[in-house]
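Worksheet: one structure, shown below.
The values are calculated or read from the model by the stated rules, or taken from the named source; none is laboratory data. Because the structure is predicted, anything quoted here is derived from the model rather than measured. Here the Cβ positions follow ideal geometry from the backbone for every residue, glycine too, while neighbour counts run over all protein chains shown. Note: areas computed on protein heavy atoms with side chains; ligands, DNA, RNA excluded. Shrake-Rupley method; radii C 1.70, N 1.55, O 1.52, S 1.80 Å.
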Amino acid sequence: MSTSGRRGLPTLVLLPPHDPVTEGWQARLEQAVPDLVVLRPETREEAAHALAEADAAYGTLPADLLAHAGRLCWLQAPQAGPPPGFYHPALVAHPVQVTNMRDTYTDHVAAHALALVLALARGLPKYARDQAHARWAPHWDPATVLSLGEAAALVVGVGAVGAEVGRLLAAFGTRVVGVDARRGGPVPGFAEVLPADALDRLLPEADLVILTVPHTPATEGLLNARRLALAKPGAYIVNVGRGATVRLDDLAAALEAGHLAGAALDVFETEPLPADHPLWRRPDVLITPHVAGVGPHAGERRFAVLLENARRFVAGRELINLVDKSEWY
């Protein structure tokens, strides 16, 4: 770690554009970590100048700005799963260590996922549309209700969020199985957690398929026409992970064909979801506009990760939430 910044101390740059949540972070960091210089440039030009003396940075660092960061050792991503393009080839090739904000929204996203599951299980998308038209239309067919105590759920991605979703589902008596590229069992609430290559074998057995997996080169388009055809007839799809993991046109086609019972989505391949997309108008689909992570304390949790890593960086200790840049998480 270089220590030749202003006053002979390591330098951290808070990169623009800034949002109201990070207002005051510069002063708080310098007070909490006296051996760290914190810069907060307002423009890209000022950021390029600041990066020339930076040992660390917080924010998004495109290739043109990275080119100015000759001695950068650590980059703190501002999200758990940054948007496409964050891990560009120049950043992946650069020796800089990247950390992310994983496990800062776990409770919020898991609660949102359960809300979507419960809404699908009880047919609430239909009743919400009926309410909008003041239409009293009870549906008495028991086949339209998914009994969670008799259901099997497949959680795709058993990180912090996926593990919490599984734990909550298990409380309803649901048999929960997970697949994950890195994590194995045992995980509380899960009957088993298997490698990612078990997905095709498990899809035909699941009444609920819940995606919490990050967007990586391996998960882009993960749920496509071929895999949706493998899904159990009458299954439900829930995605609170990343939109690029589900091919929306393939999902719409599977719903239109009657192969799936319904879907609930918080994230989409294209955001906002185009107004003319058929998923908007389906009575068996519930849509929320990428708000699963909304909830109290999110800003403070993000600051806590940055502060902990800033302290570790200055002390020369291993950082938390390290990312494999080639896999984007």
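Any idea which of G234, G241 is in contact with a strand residue (DSSP E or B) (Cβ under 6 Å, 6 or more places away or on another chain), farther than 25 Å from E327 by Cα and modelled with pLDDT of 95 or more?
G234
Only one of these is closer than 19 Å to V285 by Cα, open to solvent by 70 Å² or more (accessible area, probe 1.4 Å), hydrophobic (A, V, I, L, M, F, W, C) and over 24 Å from the mean Cα position of the chain (by Cα): A128, A132. Name it.
A132
Is it the case that some residue within the range 95-107 is surrounded by fewer than 21 Cβ atoms within 10 Å (Cβ to Cβ) and farther than 30 Å from T212 by Cβ?
Among the residues of the range 95-107, at least one is surrounded by fewer than 21 Cβ atoms within 10 Å (Cβ to Cβ) and farther than 30 Å from T212 by Cβ, which makes the answer yes.
Being within 24 Å of E308 (Cα to Cα) and of a type in the set (A, V, I, L, M) narrows it down to one residue among A54, A115, A119; which is it?
After ruling out the rest, the residue left standing is A54.
Given the structure, is G173 closer than 26 Å to T144 by Cα, open to solvent by less than 20 Å² (accessible area, probe 1.4 Å), in contact (Cβ under 8 Å) with a residue 24 or more places away in the chain and of a type in the set (G, A, S)?
no
Of the conditions (1) closer than 25 Å to D130 by Cα; (2) buried (at least 23 other Cβ atoms within 10 Å of the Cβ), L279 satisfies every one except a single condition; which number is it?
(2)
Please work out if V38 is among the β-branched types (V, I, T), assigned to a helix (DSSP H, G or I) and under 29 Å from Y105 (Cα atoms).
No; evaluated as a whole, the condition is false for this residue.
P188: in contact (Cβ under 8 Å) with a residue 24 or more places away in the chain, part of a loop (DSSP other than H, G, I, E, B), in contact with a Lys or Arg (Cβ under 7 Å, 6 or more places away or on another chain) and crowded, with 21+ Cβ neighbours inside 10 Å, yes or no?
no
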